[in-house]
Amino acid sequence: MDILILGNGFDLAHGLDTKYEDFLKYYQEKYSTTRSVGVDKSHNFLYNNVWAKHFLNKILSGDKWIDLENEIYNVIVKLSELSYFENSVSDERYKNIAFWIAKDCEGFNFDESRKYFRKPDSFFRGDCYNVPIKDFINFLYNQLQDFVKEFEKYLIEETQKIQNAPKYKLRLNSDCVSLLNFNYTDTCEQLYKINFNHNTCGIKTKAVYIHGKINNEDCCNLVLGTHSFDNEQIPVEFNIFKKHHQRHKYGTIESYQELLNELKYPKKMYIPRFHIIGHSLDKTDHNILKHILLAREKSIINIYYHDEEALARMQSNIDLIIGEEEVMTKVRFIKQDDPERGILVQQKEVQLSNI
């Protein structure tokens, strides 16, 4: 059985602007046309969402690329370092807080409609707040959910650009394929028409959207958070920002558990072949990847890269996930568009190779 593991690089290879930076720049341009004096900003997402402004500040300050998941973690750490968070949030002595947001969190400007104080002349600056701590954390989480919902709308619009005829041939070893998708989009299914949910020859395959899947319904189950920080001095109230907690909250972990059980306790013996495309193997997904890649004692792990910089990063990250011994015996690094061994091969090259 082949297990296809996709990250955002897969969408980028197919011409979709699905990076968070693309989304933020889209709204920056949209906002720039409505920022004049006297314009009603009450329905302006960028003006009213503290996370959107904070992430955009990072880009405007010179960061060409921003890791949102790591930046969420950085904000949590900054807030945890404040003396107000050194004691339990439930402690009555720390029921209310009033402070200036740290410089690195300068985009956090609260909405008056939610009864949080904002200086009237402030935008992209630090503000002073006097709020109950639990409300403060819940407010930040709700703002993050609003950010995710707006990002979902953007992705739905962006995926409409998908062409009917893919420019690549997706080269797999068999018709028995499961999908572990870290993207919110269904680009692979739309383009390559692979049946990921069936039972063939005693092997049950699945399509797993570990972080949720975009849809046009009111309910949004997309996961956006950070890695676990159980061994760090961070109040437990911030656990709602962990991907681990959100996967359970939104039910995206269950299909992953079924796929994992299929690999651990197969009804038919086989050697699974993993194909990792477009995923940086960053630490926010380490636990998910570790369990799936080590589910079987014998397996083949093909990691596809698009340039030398990505290769170096992936080599370091996979060592951290499964260890050098496992990498030595199981992992192969392959240029993703290599005509002979690659998995995303230009259609023209495929046709020539068949002559």
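Just give me the residues in the range 249-278 being farther than 21 Å from Arg296 by Cα and either surrounded by 12 or more Cβ atoms within 10 Å (Cβ to Cβ) or of a type in the set (Ser, Thr, Tyr) (or both), in sequence order.
To start, the set of residues in the range 249-278 that are farther than 21 Å from Arg296 by Cα comprises 249-252, 278.
Lys249, Tyr250, Thr252, Gly278 - these are the residues of the range 249-278 that are farther than 21 Å from Arg296 by Cα and either surrounded by 12 or more Cβ atoms within 10 Å (Cβ to Cβ) or of a type in the set (Ser, Thr, Tyr) (or both).
Do we have Ile321 as over 23 Å from the mean Cα position of the chain (by Cα), in contact (Cβ under 8 Å) with a residue 24 or more places away in the chain and not in a loop (DSSP other than H, G, I, E, B) here? I'd like the intermediate steps shown before the answer.
Numbers: over 23 Å from the mean Cα position of the chain (by Cα): no; in contact (Cβ under 8 Å) with a residue 24 or more places away in the chain: yes; not in a loop (DSSP other than H, G, I, E, B): yes.
When the stated conditions are applied, Ile321 does not pass them.
Can you tell me which residue within the range 313-332, out of those that are touching a helix residue (DSSP H, G or I) at 6+ places or on another chain (Cβ under 9 Å) and surrounded by fewer than 16 Cβ atoms within 10 Å (Cβ to Cβ), is nearest to Leu289 (Cα to Cα)? Please lay out each step first, then the result.
Within the range 313-332, the subset touching a helix residue (DSSP H, G or I) at 6+ places or on another chain (Cβ under 9 Å) is 315, 317-322, 326-327, 330-331.
Then keep just the ones that are surrounded by fewer than 16 Cβ atoms within 10 Å (Cβ to Cβ); that gives 315, 320.
Working: Gln315: 14, Leu320: 11 Å.
Out of the qualifying residues, it is Leu320.
Yes/no per residue for (1) farther than 20 Å from His227 by Cβ; (2) of a type in the set (Val, Ile, Thr); (3) outside the structural domain of Asn8 (by TED's automatic domain parsing); (4) in contact (Cβ under 8 Å) with a residue 40 or more places away in the chain:
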site	(1), (2), (3), (4)
His286	no, no, no, yes
Glu297	yes, no, no, no
Arg313	no, no, no, no
Glu326	yes, no, no, no
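Under 6 Å between Cβ atoms, at least 6 apart or on separate chains: pull out the pairs that start in the range 181-196 with a residue that is free of Cβ contacts under 8 Å to residues at least 60 places away in the same chain and over 22 Å from Tyr250 (Cα atoms) and end on any residue that is in a loop (DSSP other than H, G, I, E, B) and of a type in the set (Val, Ile, Thr).
Close Cβ pairs (under 6 Å, with a partner that is in a loop (DSSP other than H, G, I, E, B) and of a type in the set (Val, Ile, Thr)) amount to Gln190/Ile162.
Given (1) among the aromatic types (Phe, Trp, Tyr); (2) modelled with pLDDT of 95 or more; (3) outside any helix (DSSP H, G or I), identify the lone condition not met by Tyr270.
The single condition Tyr270 does not satisfy is (2).
Name the residues in the range 284-309 that are surrounded by 15 or more Cβ atoms within 10 Å (Cβ to Cβ) and among the charged types (D, E, K, R), would you?
Asp285, Lys290, Arg296
On the basis of being in the same structural domain as Lys53 (by TED's automatic domain parsing), surrounded by fewer than 18 Cβ atoms within 10 Å (Cβ to Cβ) and at pLDDT below 75, does Glu106 make the cut? Working first, answer last.
Details: in the same structural domain as Lys53 (by TED's automatic domain parsing): yes; surrounded by fewer than 18 Cβ atoms within 10 Å (Cβ to Cβ): no; at pLDDT below 75: yes.
No; evaluated as a whole, the condition is false for this residue.
List the helices (runs of 4 or more DSSP H) inside the range 1-75, counting only whole elements, that have at least 1 residues being modelled with pLDDT of 80 or more and more than 28 Å from Ile137 (Cα to Cα). It would help to see each step written out before you state the result.
Working: elements: 8-13, 20-32, 45-48, 50-60.
Where helices (runs of 4 or more DSSP H) fall fully within the range 1-75 and carry at least 1 residues being modelled with pLDDT of 80 or more and more than 28 Å from Ile137 (Cα to Cα), they are 8-13, 20-32.
What tally of residues in the range 163-217 results from selecting those that are among the β-branched types (Val, Ile, Thr) and closer than 17 Å to Tyr270 by Cβ?
Quick first cut of the range 163-217, residues among the β-branched types (Val, Ile, Thr) only: 177, 185, 187, 194, 200, 203, 205, 208, 210, 214.
Restricting the remaining residues to those that are closer than 17 Å to Tyr270 by Cβ gives 177, 200, 203, 205.
Adding up the residues that qualify gives 4.
Any chance the range 259-272 includes a residue that's of a type in the set (S, T, N, Q) and within 22 Å of the chain's Cα centre (by Cα)?
Filtering the range 259-272 down to residues of a type in the set (S, T, N, Q) leaves 261.
Going one step further and asking which of them are within 22 Å of the chain's Cα centre (by Cα), we end up with none.
No, the range 259-272 contains no residue that is of a type in the set (S, T, N, Q) and within 22 Å of the chain's Cα centre (by Cα).
Restricting to the range 196-222, and then to whatever is in a loop (DSSP other than H, G, I, E, B), over 21 Å from Gln160 (Cα atoms) and not hydroxyl-bearing (Ser, Thr, Tyr), can you tell me which residue is nearest to the chain's Cα centre (by Cα)?
Step one: filter the range 196-222 for residues in a loop (DSSP other than H, G, I, E, B), giving 196-198, 201-202, 205-206, 210-222.
Then keep just the ones that are over 21 Å from Gln160 (Cα atoms); that gives 196-198, 201-202, 205-206, 210.
Subsequent filtering for residues that are not hydroxyl-bearing (Ser, Thr, Tyr) retains 196-198, 201-202, 206, 210.
On the way: Phe196: 21, Asn197: 23, His198: 27, Cys201: 34, Gly202: 33, Lys206: 20, Ile210: 10 Å.
By that ranking, first place goes to Ile210.
Test of understanding: among Ser228, Ser280, which residue is modelled with pLDDT under 95, closer than 17 Å to Leu180 by Cα and part of a loop (DSSP other than H, G, I, E, B)? Give the steps one after another, and end with the answer.
Numbers: Ser228 fails: closer than 17 Å to Leu180 by Cα.
None of the other options fit; the residue is Ser280.
So, in the range 231-243, exactly how many residues are over 27 Å from Leu180 (Cβ atoms), of a type outside the set (S, T, N, Q) and not in a helix (DSSP H, G or I)?
Number satisfying all stated conditions: 3.
The values are calculated or read from the model by the stated rules, or taken from the named source; none is laboratory data. Keep in mind that what you see is a predicted model, and the values were worked out from it rather than measured. Cβ atoms come from the backbone with ideal geometry, glycine included; neighbour counts cover every protein chain shown.
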